[in-house]
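The values are calculated or read from the model by the stated rules, or taken from the named source; none is laboratory data. Keep in mind that what you see is a predicted model, and the values were worked out from it rather than measured. Note that each Cβ is placed from the backbone with ideal geometry, even for glycine, and that neighbours are counted across all protein chains shown. The accessibility values were calculated without ligands, DNA or RNA, using every heavy atom of the protein model including side chains. Shrake-Rupley method; radii C 1.70, N 1.55, O 1.52, S 1.80 Å.
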Amino acid sequence: MKKKYRVAVLANLKKNALHWDGMPPDQWDDLDSEHTVLALVDAIRTGGHTCEFLEGDATLIDTIRKYKPDICFNICESHFGDAREAQVPALLEMLRIPYTGSKVLPLALALDKPMTKRILAWHDLPTPDFQTFERVDEPLHEDLRFPLFVKPAREGTGMGVSSKSIVHDEAQLREQVGFILDKYHQTALVEEFIDGREVTVGFVGNLIGPVARRLPHNLKAPRIQAGLHFFPPMEVDLQPYLETDAVYSNRLKVALADQLNYLCPAPIDDDMVDELNWLAAAVFRVVGGQDVSRIDFRLDMHDNLKPYILEINPLPGLSPGISDIVIEAAADGIEHTELVNMILNTALKRYGML
Ligand SMILES: Nc1ncnc2c1ncn2[C@@H]1O[C@H](COP(=O)(O)OP(=O)(O)O)[C@@H](O)[C@H]1O
Ligand SMILES: [Mg+2]
């Protein structure tokens, strides 16, 4: 018989977050709505478990010891600190409570885009060439070619990303780096701008089999994606926004999310889907992800749609009908409730609890 557990959904509600004068307007755009959290709780109850929501802030230290969950469904982005997405998992490990999703190190790593890119580059996984700026006047590496793309090193949900992120010369570069340093108080990541299509690949599962350090161009090497359930890739149709945004900006991700044209499955051929899935699995492997992730790509339209990895999202948004991975699962016939239980069951299995 199927086991029933006491599950706590751990999330950070946008409405509970601290506000202060001069904070960036998109400061809390990666936090969750009550609607999303209630949908998660409902989904888990539909899965046959007992479930409550607990806010993933300092109050959790008390509430979790009171509620005593068997496992937590963790989607906490947390509020402050360089490794904020790792804070709640660190607490859960201290209390020895199982939780869904990636652990402390991958969550801290994935939030730091330059650090993640260094690891991808070491594994020969394709990610745009880059440089970080701690100061506005740092010299630009001579091998980086304009146009470049400037974004915060440690944010998500397109925060700090707009059409101004694409810079064509030194003056624009300095201005945008200055904006990131001043407004977001963090390192600016400057990458080569990949002009092309925007595709994201979501999946649930855990890799089985040996750790493989396989080069993407070695087509004969064994595939390492067994154990993962890939959803059809999704393309965000940026065509209507080429004049205004040109990229998957904060404006598109938040204000215009319900108007965008999501192409899912993305209109790409099977070989490309295969390639993207393999790259996604490789990224998941080298950062040490668990249970679920979404990997963002750009396909270079000036180089035969060569895929570039932009980032890994080990805590992909799970808003019903809106979040990328939710749309991808739906294209696979998997509704929100089932997706949530798939993630939970993947973690339960990993802990030997299923
Ligand atoms: N090097 C790049 N070249 C072209 N577009 C980029 C590049 N980096 C980011 N972008 C655009 O900005 C968006 C957000 O960047 P991403 O690194 O995925 O951050 P976020 O965590 O905010 O999703 C991407 O989806 C893409 O549209
Ligand atoms: Mg992204």
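Evaluating L344 against the criteria (1) of a type outside the set (K, R); (2) out of contact with any Phe, Trp or Tyr (no Cβ under 7 Å at 6 or more places or on another chain); (3) open to solvent by less than 10 Å² (accessible area, probe 1.4 Å) leaves one unmet condition, (2).
Do we find a residue being open to solvent by less than 40 Å² (accessible area, probe 1.4 Å) and touching a Cys at 6+ places or on another chain (Cβ under 7 Å) anywhere in the stretch 302-322? Within the stretch 302-322, not a single residue is open to solvent by less than 40 Å² (accessible area, probe 1.4 Å) and touching a Cys at 6+ places or on another chain (Cβ under 7 Å).
Cβ-Cβ contacts under 9 Å between residues 6 or more apart (or on different chains), taken from a first residue in the stretch 310-322 that is within 10 Å of ligand 1 (Cβ to nearest atom) to a second residue that is among the aromatic types (F, W, Y), are listed as L310/F297; I312/F284. Beta carbons closer than 6 Å, at least 6 apart along the sequence or on distinct chains, pair a first residue in the stretch 117-136 that is on the phi < 0 side of the Ramachandran plot and among the hydrophobic types (A, V, I, L, M, F, W, C) with a second that is surrounded by 15 or more Cβ atoms within 10 Å (Cβ to Cβ) and part of a loop (DSSP other than H, G, I, E, B) for L120/T127. Conditions first: (1) within 21 Å of A347 (Cβ to Cβ); (2) open to solvent by 60 Å² or more (accessible area, probe 1.4 Å); (3) in contact with a strand residue (DSSP E or B) (Cβ under 9 Å, 6 or more places away or on another chain). E34 passes all but one, so which condition is the exception? Result: E34 passes all but (1).
For the stretch 104-121, a residue qualifies if it is out of contact with any helix residue (DSSP H, G or I) (no Cβ under 8 Å at 6 or more places or on another chain) and more than 16 Å from ligand 2 (Cβ to nearest atom), and the qualifying residues are R118, A121. The residues of the stretch 161-191 that are open to solvent by 10 Å² or more (accessible area, probe 1.4 Å) and either within 14 Å of ligand 2 (Cβ to nearest atom) or under 20 Å from the mean Cα position of the chain (by Cα) (or both), listed by number, are V161, S162, Y184, Q186, T187. Of the candidates P89, P69, the single residue that is assigned to a loop (DSSP other than H, G, I, E, B) and not aromatic (F, W, Y) is P69.
Here the condition is being near ligand 1 (Cβ under 10 Å from one of its atoms) and touching a Phe, Trp or Tyr at 6+ places or on another chain (Cβ under 8 Å); of T200, T100, it holds for T200 alone.
Restricting attention to the stretch 119-163, the residues that are within 15 Å of ligand 1 (Cβ to nearest atom), farther than 30 Å from A255 by Cβ and of a type in the set (K, R) total 1.
Here T116 meets the list (1) surrounded by fewer than 18 Cβ atoms within 10 Å (Cβ to Cβ); (2) at pLDDT 95 or above almost entirely, failing just condition (1). Taking the criterion of being in contact with a strand residue (DSSP E or B) (Cβ under 9 Å, 6 or more places away or on another chain) and open to solvent by less than 30 Å² (accessible area, probe 1.4 Å), the residues of the stretch 66-83 that qualify are Y67, P69, I71, C72, F73, N74, I75, C76, E77.
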